[in-house]
1. In peptide B:89-96, how many Cβ atoms from other protein chains are near each Cβ within 10 Å, on average?
2. Under the definition of Cα pairs under 8 Å and six or more residues apart, what whole-number percent is the relative contact order of chain C?
3. Tilt of helix A:321-338 relative to the longest C-alpha principal axis of chain A, in degrees (0 to 90, nearest 10)?
4. Would you list the membrane-span-like helices of chain B, meaning whole DSSP H runs whose alpha-carbon atoms span at least 27 Å along their axis and whose mean Kyte-Doolittle value is at least 0.5?
5. Are there any trypsin sites (Lys or Arg not before Pro) in the stretch C:18-78 that are in a DSSP loop and have at most 15 other Cβ atoms within 10 Å? List them by number.
6. Hey, with R₀ at 51 Å, roughly what FRET efficiency would B:VAL26 and C:ALA219 work out to, going by the Cβ-Cβ distance, to 0.05?
7. If the limit is 20 Å between Cα atoms, which of A:LYS32/C:LYS457; A:LYS315/A:LYS362; A:LYS169/A:LYS194; A:LYS181/A:LYS409; A:LYS169/A:LYS383 go over it?
8. Could you pull the accessible area for C:HIS464 with a 1.4 Å probe, rounded to 10 Å²?
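The values are calculated or read from the model by the stated rules, or taken from the named source; none is laboratory data. Predicted model only: the values in this text are computed from it and were never measured. Because the Cβ atoms are built from the backbone with ideal geometry, glycine has one as well, and the counts that use them run over all protein chains shown. Surface accessibility is based on the protein's heavy atoms, side chains included, excluding ligands, DNA and RNA. Shrake-Rupley method; radii C 1.70, N 1.55, O 1.52, S 1.80 Å.
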Amino acid sequence: MKRVSLLMVIVFVAVIVLTACGGAKFTCADPKGCVDIAPKDPVRIAYAFVVSGGDASLGTDTKRGSEIAVDEKKEILGHAIELVGEDELCAAEGGQTAATKLAADPKLLAVIGTNCSSAARAAIPILCGAGIAMVSPSNTAPDLTDEARPPEYWCYLRTAHNDNVQGAKMAEYAYEKGFRKAATIHDGSLYADKLQQVFAATFVQLGGTITAREAVGPQDTDMKPMLTRVAATGPEFIYYPIFIQAGGHITKQAKEVTGLENVQLAGADGIFSPDFLRAAGDAVVGFNWSSPDFSAFGAGYGDFLAKHEAKYGEKTLAPFHAHSYDATMMIFAAIEKVAVKDADGTLHIGRQALVDALFATKDFQGLTGTLTCTATGDCADPKIAVYVGQSADPDTWNPGADADSNPMKIWP
Amino acid sequence: MLRRLLRRVSGTTVFMWLIGIAMLVVVVWGVYATLSSGRYKASDWIDLTVYGIAQGSVYALIALGYTLVYGILRMINFAHSEVFMSGPFIGYFVAMALSQSGFFNRQPFVSLIIVLLVAMTVSTTIAVLLERIAYRPLRRAPRLVPLITAIGASYFLQYTFLGLFGSGIKGYPEVAQLKGYWPFPGTSSGILRTQAVVIVSAFVMLAILYVFVQRTKTGKAMQAVSEDKDAAALMGIDVDRIIVITFVVGGALAGAAGVLYALLFKQVKFDMGFLPGIKAFTAAVLGGIGNVNGAMLGSLFLGISESLFPNLVLDGLGLPAPYQLKDALAFIMLVAVLIFRPTGILGERLAVKKA
Amino acid sequence: MNARTRSDWMAPVKSGLMGGLIALLIAMVGLVEVSVKRPILTADGRILLSVGQLLLLLPIILMCYKAVQVFAAGCEKVTDRLGLLATGALSGFFASLVLAALVLLGRVINLRTVFIRASPDLFNTLTFGLGLGGGSVVLLLFGALLGGLVAAITLLPDRIRRPLVLGLALVPLAAILTSALFAGRGFSVPVALLVGVVAAALTFAWRQTQPKLQDRVAALSPSGQRTYQVFRWLLPVAIVLALPRLGAYPSEVLVNVGLFVLMGLGLNIVVGFAGLLDLGYVAFYALGAYAMAVLTSPEMTWHGIHLTFWQALPFAVLASTSAGIILGIPVLGMRGDYLAIVTLGFGEIIRLVFLSDWLKPFLGGSNGITRIPKAVVGSIALDNSPKLYYLILAGCVVAAFVAIRLKDSRLGRAWMAMREDEDVAQAMGIDLIKTKLLAFATGATFSGLSGAIFASKLTSIYPHSFHVLVSINVLGVIIVGGMGSIPGVVVGALALVGLPELLREFAEFRLLMYGAALVFMMLTRPEGLVPEARRKLELHEADGEV
């Protein structure tokens, strides 16, 4: 018994001495505190995506984008990278729980997410409260990076383009191409509702008229009755910035409704994916999408797609994987910029410094273009192009500006 | 006389009549306003009705699965929507294999029948496995127990398919011969060929089922078991076998419904069963659950009203985006019907209490 | 016992194949893939045993155990020890045979065009990274060995076996729990040994001393008895009050559990006491939440009323209560499943109407209602989960108190009479209309309270949060806990809401496991985890009939 306690005393003293002699100690001057990463520990970042339920494909897609970025980066300043994750359920309550759990992790540096703007609104105050940087690859709701956003959003940025940009571009395109009467359809999601609002406002401002503003449920299948109603108003252009499932149904069935056979159909980047070709079939030939300008997506994107196919055995599921990849890479770059490395390899990263570095991102070469963050956290390179569908075969999916691209960029 | 009437009329009855009358007034007003606005042609209404019948006939095939099982086991087979999903889901892989080998384009109808058979087999297998593993041990349990089991099985199957095959949307190959219209009087451009095929095949299957239930020995045994299990057993009917056959029939119809659904809507996905499942169940209740004819009638009624009513009623009332409220309207109608006929349109048989 | 027929050898083969198939399913849905990097046992940073591997082993172990049980059934004492070991090994061998077949098949044809999870990584895990030939042989040997081990453990005397099994089971559980709650990184071998040995020793010691302790308590003086009783009550109360000390995330989970406990207590009255199957219970939750949001959010300018949380709370609850009565009237005449589908319809109607463009100027439509203020008590804002915990706890305590008092009241007995037989209840002079409406109204009140707290917790609400799946989850809570049982609601909510939160690494598979758990639960313990005495009796009566 005596010997044991003696041993313990020795160990205790040894530990104190060793920690005391650990060389010049780093002092954290960051107002939000610092994260210290011991020599053998990994750098930890997290995702908050919707990986279960009906919207799982969106979350899985972005999650894979981040995973590929982690695989590619391998290590930061000699430390391995650990990507943990939480499900945000595409809902405010899911976002709040996920954020609470992530915020409880003292070693966590940054979060990539969320997918859904509703989840973001609940998650941002919590993550910012813990000083964790947050970069979303797919939130598009304008209020998140609005000038008037609340101060507790200080840690939030996004690589996704703002709805204000995309909706307006499509309206400009439609008006420029001579369409004067347009109808809009949304699916009750924040994303679609905002986009169609922006589109309609811009289109009316330019001098066009909106003949009908309809809505469907995201799980609805029979769209023909709703489309019959739209047809009665005689639109020349129908804009439905919704998701693949309902979008596919509308695209296919619009060709089957009398009066809409020759109307120009258009959607947004929520359906800019080979899965949409699968869902809509032959009707996508001639369909118009607004999406980031893929001619700015360098050769890196082709590499990315090859890696994706090899790693997951399927094609990309939704349009935001590249944004997620960029968000992850942007975080890595910011960490490298602000990390202070001790002689023994310990990293010290100031939380405020990391967020500041993210906001200072300038001319960052990402897959989705050249990213530069504004003071309110909009980092996307908002070069929106309009594409036209050339073939319904998902294997030919190769967006670009060439004559054999599918979809092919036609504007601007 | 008057006194007796007064005694029977309680406050709640009056309240319900008031609800009913209010609903009726709103409906009549809406219809009048819509029709008098003259924005829609007569052919538009006929088009909408045809769309509704096509949708309703898919509901009918699913609803029968619910109603047959309910008739016999008095349980809501919540997992039936997954039985419906599984058939066309596996069928998709067969269709894709056929399509890649070029056979699908050469022989679209033979291919469709192959896919149909595969889908029916898969759905039947899942239905029978469900019965064997999840429901049979609970035959004598209180009624909520199998219901919860069914909900659990539904989740399990849905997410197993998600795990096994991924969450991407799978699109059935399109049949070139089924594009376009066939002439049909009254419609604006004719009837869509896919819809015609779906309606005809659904009705053929419903007719076969009707004959099977009414005329064959097994069908009569099914009726007997649904009437009274113990008495049927005493009459020498193998109750377990009949229950399995019920699941087989329900599963096969659901598989067929799934392929017809894929023909109409092209997409299959792991969660595609949920909404049609709920709707078909609503239709079964609307018609009077446990009653085969009621399920068919309720389904067609539901299909047509989903397609017609938002435009016909809500448009006149000036509601924006009426088709967003399509499902709400379907349920309101269910409530309206059940207020006045608490056991559904054809549901006298269940007037005896089963709770 | 001595003459073994062929069928005796078929049983272990069958259970082995079954175990292998379950393991196969677990692998193919991707459960292994996501959890293979989550460590349980580590040595020098290398993973010795991961959650993914454990998931593969579990069904094999269970089925081997079953095979061994079948073998040993009907014997007082197993004499044929070698046969028993062989049974275990055989079943383990066949289980791993299934997995080896998968690996072989995966090498021959590309399974990934259909089964997206059949990745080379998975095959690597299955073959211990040893390649196809060597790996398969090792896999088969490993399976046989594992089966044999399971059989060997059953041969140990009870006294040693129980602590051993408990210790073995507790180590991975503790490792998973600590990593889920506190971001730990699995156990190293010495730590695992320590946890296992301590757990085993404690069980061993407890089993030795428990009878004596009971005697000791019984022998206490009356005042001592009283102190003991007070202590027995105080301890849990103290623990419940101290729970938020665990940290922000555990509190968050507990608050979510609390919301479901509140709803569960309400639905328990409707379904458990009164026997009215309500699948649209979420409607009242939504109403409570929206009433709170509309009355308090500064965004809602159309009515010009801006209340605080406490001022709005009575109105929110009242809104739900009246909705309970109003929606209850049309369904008075409906029974059983008609009621179920109509109430399900009500839930969907409310959600769709809240979402619609029609009411968008008033309720926000898809944009939801944001900037809902948090509750403030005195000068403390309940702005984080450890503080909110006390609010929801207070709500649950009040609701539980009401529910307990109601249960044995005249009304409670009327409800139960109605549940058993409506016609007889009516004949006994029970006013069915009043009784039913009171059940709906009470249930709706609790749900509305829960919804109001939910809105102030989230500060922004959306129609999507009030999906029919919430109703089904609440129903699951009361069924798993035990219908009609009030402690059951708490246990059920912990099991169905709390546990999945802890297993968040399996986020994609949460609903899969939820489904499997519900089925398993209903098949093995339909009366629930904490059954109500009367209901348990009924179920046993039913057993007697079969």
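1. Counting other chains' Cβ atoms within 10 Å and averaging over B:89-96 gives 1.
2. Values: 819 pairs, mean separation 85.9, N = 546.
Worked out over chain C, it gives 16 percent.
3. Between helix and principal axis, roughly 30 degrees.
4. Values: long enough: B:11-37 (39 Å, 1.77); B:42-73 (45 Å, 1.11); B:80-100 (31 Å, 0.77); B:108-129 (31 Å, 2.40); B:144-165 (32 Å, 1.52); B:193-215 (32 Å, 1.56); B:239-265 (38 Å, 1.95).
TM-like helix candidates: B:11-37, B:42-73, B:80-100, B:108-129, B:144-165, B:193-215, B:239-265.
5. Working: sites: C:LYS37, C:ARG46, C:LYS66, C:LYS77; in loops: C:LYS37, C:LYS77.
Those that pass, being in a loop and sparsely packed, are C:LYS37, C:LYS77.
6. Working: r = 75 Å, r/R0 = 1.48.
FRET efficiency, B:VAL26 to C:ALA219: 0.10.
7. Details: A:LYS32/C:LYS457 25 Å; A:LYS315/A:LYS362 31 Å; A:LYS169/A:LYS194 14 Å; A:LYS181/A:LYS409 23 Å; A:LYS169/A:LYS383 9 Å.
Correct reply: A:LYS32/C:LYS457; A:LYS315/A:LYS362; A:LYS181/A:LYS409.
8. Only protein atoms counted, so the area is about 80 Å².
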